1. Being surrounded by 12 or more Cβ atoms within 10 Å (Cβ to Cβ) and touching a strand residue (DSSP E or B) at 6+ places or on another chain (Cβ under 6 Å) narrows it down to one of Val82, Val15, so name that one.
2. Scan the range 87-133 for residues that are surrounded by 15 or more Cβ atoms within 10 Å (Cβ to Cβ) and in a loop (DSSP other than H, G, I, E, B) and jot them down.
3. When residues of the range 62-103 are filtered for being in contact with a helix residue (DSSP H, G or I) (Cβ under 7 Å, 6 or more places away or on another chain) and within 18 Å of Val41 (Cβ to Cβ), how many remain?
4. Arg68 - would you say it is of a type in the set (D, E, K, R), more than 26 Å from Ser22 (Cβ to Cβ) and surrounded by fewer than 11 Cβ atoms within 10 Å (Cβ to Cβ)?
5. Any idea which residue in the range 18-53 is nearest to Asn71 (Cα to Cα), counting only those that are polar (S, T, N, Q) and open to solvent by less than 80 Å² (accessible area, probe 1.4 Å)?
6. Identify, by number, the condition in (1) modelled with pLDDT of 95 or more; (2) loosely packed, with under 12 Cβ neighbours inside 10 Å; (3) under 20 Å from Val5 (Cβ atoms) that His77 doesn't meet.
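The values are calculated or read from the model by the stated rules, or taken from the named source; none is laboratory data. Source: prediction; values computed, not measured. So basically every Cβ, Gly included, is an ideal-geometry build from the backbone, and we count neighbours across all protein chains shown. Keep in mind that these areas ignore ligands, DNA and RNA; they rest on the heavy atoms of the full protein, side chains included. Shrake-Rupley method; radii C 1.70, N 1.55, O 1.52, S 1.80 Å.
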Amino acid sequence: MLHHVGIAHASIDAVVTSYETSLNLRVVSGPFVDPLQGARVIFLSRQNGEEAAIELVEPTGAASPLARFVNRGGGMHHVCFVTQDLDGELARVRALGALVVQPPVPAIAFQSRRIAWIYTRDRLLVELLEERL
């Protein structure tokens, strides 16, 4: 299931009102600072909350993995899918030629559920989010 689309900006505070107004979204959680990810994030969704969210992401400093991407203009950064079996899904996508960029770690924005990052063979950055147990 598609959980969210991540969009990177230098400052989420500078753009959140624009997303709320132009896309009829509202903040549903955050902001969260995740030192393991080097990111500050906020999630927005439609009023009904039944659709995938938009995650606005900003780097927490020059050493953040996001910093170089944002310095080149930012924009659409990744898609996130929920999976019931994170370890099994990582094995499956590795067998298909995906590169695991970051092995599973707990994520502050998801109540310490584990996430992992992969690049597909088609160069799409994907975040995999472990389903709640």
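1. Numbers: Val15 fails: touching a strand residue (DSSP E or B) at 6+ places or on another chain (Cβ under 6 Å).
Only one candidate qualifies: Val82.
2. Ala98, Ala107, Arg113
3. Just the residues of the range 62-103 that are in contact with a helix residue (DSSP H, G or I) (Cβ under 7 Å, 6 or more places away or on another chain), to begin with: 77, 83, 100.
After this cut, where a residue has to be within 18 Å of Val41 (Cβ to Cβ) as well, the list is 77.
Residues flagged as in contact with a helix residue (DSSP H, G or I) (Cβ under 7 Å, 6 or more places away or on another chain) and within 18 Å of Val41 (Cβ to Cβ) within the range 62-103 amount to 1.
4. On the way: of a type in the set (D, E, K, R): yes; more than 26 Å from Ser22 (Cβ to Cβ): yes; surrounded by fewer than 11 Cβ atoms within 10 Å (Cβ to Cβ): yes.
So Arg68 passes the test.
5. Of the range 18-53, the ones polar (S, T, N, Q) are 18, 21-22, 24, 29, 37, 45, 47-48.
Restricting the remaining residues to those that are open to solvent by less than 80 Å² (accessible area, probe 1.4 Å) gives 18, 29, 37, 45.
Details: Ser18: 20, Ser29: 26, Gln37: 17, Ser45: 26 Å.
Only one residue tops the list, namely Gln37.
6. Against the list (1) modelled with pLDDT of 95 or more; (2) loosely packed, with under 12 Cβ neighbours inside 10 Å; (3) under 20 Å from Val5 (Cβ atoms), His77 comes up short only on (2).
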